[in-house]
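Notes to accompany the following structure.
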Amino acid sequence: MRLLKEFLTRLQFQTYSNNFLELLKTYAKKLCFMNSIEVSIRDTKTKGEVNALRSQGNVPAIIYGGAEKNQKITIPKKIFKSLLDKENFLSNILTLKIEGKDQEVLPKEVTYDILSDEPMHVDFLRIVKGTKVIIEIPVKFINSDKSPGLKRGGVLNIVRRKIELKCPSENIPNELIVDLEGVDIGESFKISSIKLPENVTPTIQGRDFVVATVAAPTVIKEPEKPAETEEGAEGEVAAEGAEGEAKATAEGDKKESDKGSDKVDKKDGDAKKTTTKSTPEKK
């Protein structure tokens, strides 16, 4: 009911602009998290008892904050993993049903197994009305197709995808909307240009920090190949001709050398025949 009242209150001041559907989607997501989750109180004291709960398909958890003592609970793993799959899990308020009583909590930290990546433990912050919490809220960019700068090849340079805010526990925004309609190259979005809910302030004070910019595209030019001149081409042809002539001359010299060596071999053979002729013996 609290979220529904908040939605109706904002709807009174909301004009039917391009952001209306985005606002409707935001609150629809919040309403999806309003379903109560049945959890059980645990009284585990040793590591073995905690591991036994995990083997039974449960995720150990703890609720802390406020004037009450810390409370140990367990959540069915199947239900908890379905919550993890939802968008912006760590920035949504959940309602836990503990022994018939409802307790609003905010997920603060989830511990995963190093090997299996399965959830091992979760910390919940108890939501107490009138208190403020520090939480990181994701930034969502809309109407990128209506940005002249992006259409001309500009690049959306996101400096901060999440912004840490100090919010009343009953007025935590689901996401921060940045409208890119009409944004050109060179323009930037600062935290002051984002409309924050009432009593919600960024934790960074004293400066108007940048959230995103639309930068000009970076074009890397390939080095041009040097054009061949006529003189260079003629030089290459002349070099090829000289190389061919040198090769032909070398082949001719080789043939002449081979012929000369054949003649020498023939003369040597005739000489051997002459010297080997025996002289008749004298009787």
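The values are calculated or read from the model by the stated rules, or taken from the named source; none is laboratory data. Treat the numbers as computed from the prediction; the structure is a model and nothing was measured. Cβ coordinates were reconstructed from backbone atoms using ideal geometry, including for glycine residues, and neighbour counts include every protein chain displayed.
Given the criteria in contact with a helix residue (DSSP H, G or I) (Cβ under 9 Å, 6 or more places away or on another chain), outside any strand (DSSP E or B), outside the structural domain of Gly182 (by TED's automatic domain parsing) and modelled with pLDDT of 90 or more, does Arg10 qualify?
No: the conditions fail for Arg10.
Taking only pairs six or more apart or across chains, which ones have beta-carbon atoms under 7 Å, a first residue in the stretch 108-133 that is more than 11 Å from Gly65 (Cα to Cα) and at pLDDT below 90, and a second residue that is surrounded by 15 or more Cβ atoms within 10 Å (Cβ to Cβ) and among the hydroxyl-bearing types (Ser, Thr, Tyr)?
Lys129/Ser169; Lys132/Ser169
Can you name every residue in the stretch 139-180 that is within 16 Å of Leu90 (Cα to Cα), in contact with a helix residue (DSSP H, G or I) (Cβ under 9 Å, 6 or more places away or on another chain) and among the charged types (D, E, K, R)?
Scanning the stretch 139-180 gives Lys140, Lys162, Glu170, Glu175.
Here's a check for you: in the stretch 100-122, which residue that is surrounded by fewer than 14 Cβ atoms within 10 Å (Cβ to Cβ) and closer than 26 Å to Asn171 by Cα is nearest to the chain's Cα centre (by Cα)?
First pass over the stretch 100-122, keeping only residues surrounded by fewer than 14 Cβ atoms within 10 Å (Cβ to Cβ): 100-102, 109, 111-118.
From the residues that got through so far, the ones that are closer than 26 Å to Asn171 by Cα too are 100-102, 109.
Values: Gly100: 42, Lys101: 41, Asp102: 38, Glu109: 21 Å.
So the residue we want is Glu109.
From the list Gly153, Gly206, exactly one residue is in contact (Cβ under 8 Å) with a residue 12 or more places away in the chain and either part of a helix (DSSP H, G or I) or of a type outside the set (A, V, I, L, M) (or both). Which is it?
Gly153
If you check Thr95, Thr74, which single one turns out to be outside the structural domain of Glu175 (by TED's automatic domain parsing) and touching a helix residue (DSSP H, G or I) at 6+ places or on another chain (Cβ under 8 Å)?
Result: Thr74 is the single residue among Thr95, Thr74 that is outside the structural domain of Glu175 (by TED's automatic domain parsing) and touching a helix residue (DSSP H, G or I) at 6+ places or on another chain (Cβ under 8 Å).
Just need a number here: residues in the stretch 80-104 that are out of contact with any Leu (no Cβ under 8 Å at 6 or more places or on another chain) and in a strand (DSSP E or B).
Going through the stretch 80-104 one residue at a time, the tally reaches 5.
Could you identify the single residue in Phe33, Phe80 that is at pLDDT 90 or above, within 31 Å of the chain's Cα centre (by Cα) and hydrophobic (A, V, I, L, M, F, W, C)?
Selected residue: Phe80, the only one of Phe33, Phe80 that is at pLDDT 90 or above, within 31 Å of the chain's Cα centre (by Cα) and hydrophobic (A, V, I, L, M, F, W, C).
For the stretch 34-68, how many residues meet the condition of being assigned to a loop (DSSP other than H, G, I, E, B) and β-branched (Val, Ile, Thr)?
2
Does Glu99 count as out of contact with any Pro (no Cβ under 9 Å at 6 or more places or on another chain) and charged (D, E, K, R)?
Criteria met by Glu99.
If a residue has to be closer than 16 Å to Phe89 by Cβ and crowded, with 16+ Cβ neighbours inside 10 Å to count, how many in the stretch 123-137 make the cut?
Number of matching residues: 7.
Run Val159 past the list (1) under 30 Å from Val59 (Cα atoms); (2) free of Cβ contacts under 8 Å to residues at least 60 places away in the same chain; (3) within 21 Å of the chain's Cα centre (by Cα) and report the number of the one that doesn't hold.
(1)
Could you list, in sequence order, the residues of the stretch 67-99 that are exposed (fewer than 14 other Cβ atoms within 10 Å of the Cβ) and farther than 27 Å from Lys140 by Cβ?
Ala67, Glu68, Lys69, Asn70, Lys78, Lys97, Glu99
Return the residue satisfying two criteria in turn: it lies in the stretch 209-234 and is β-branched (Val, Ile, Thr) and part of a loop (DSSP other than H, G, I, E, B), and of such residues it is modelled with the lowest pLDDT.
Applying the filter and picking the extreme gives Thr229.
Working carefully through the options Ile204, Ile191, Ile172, find the one that is closer than 15 Å to Ile137 by Cα and touching a Leu at 6+ places or on another chain (Cβ under 8 Å).
Ile172
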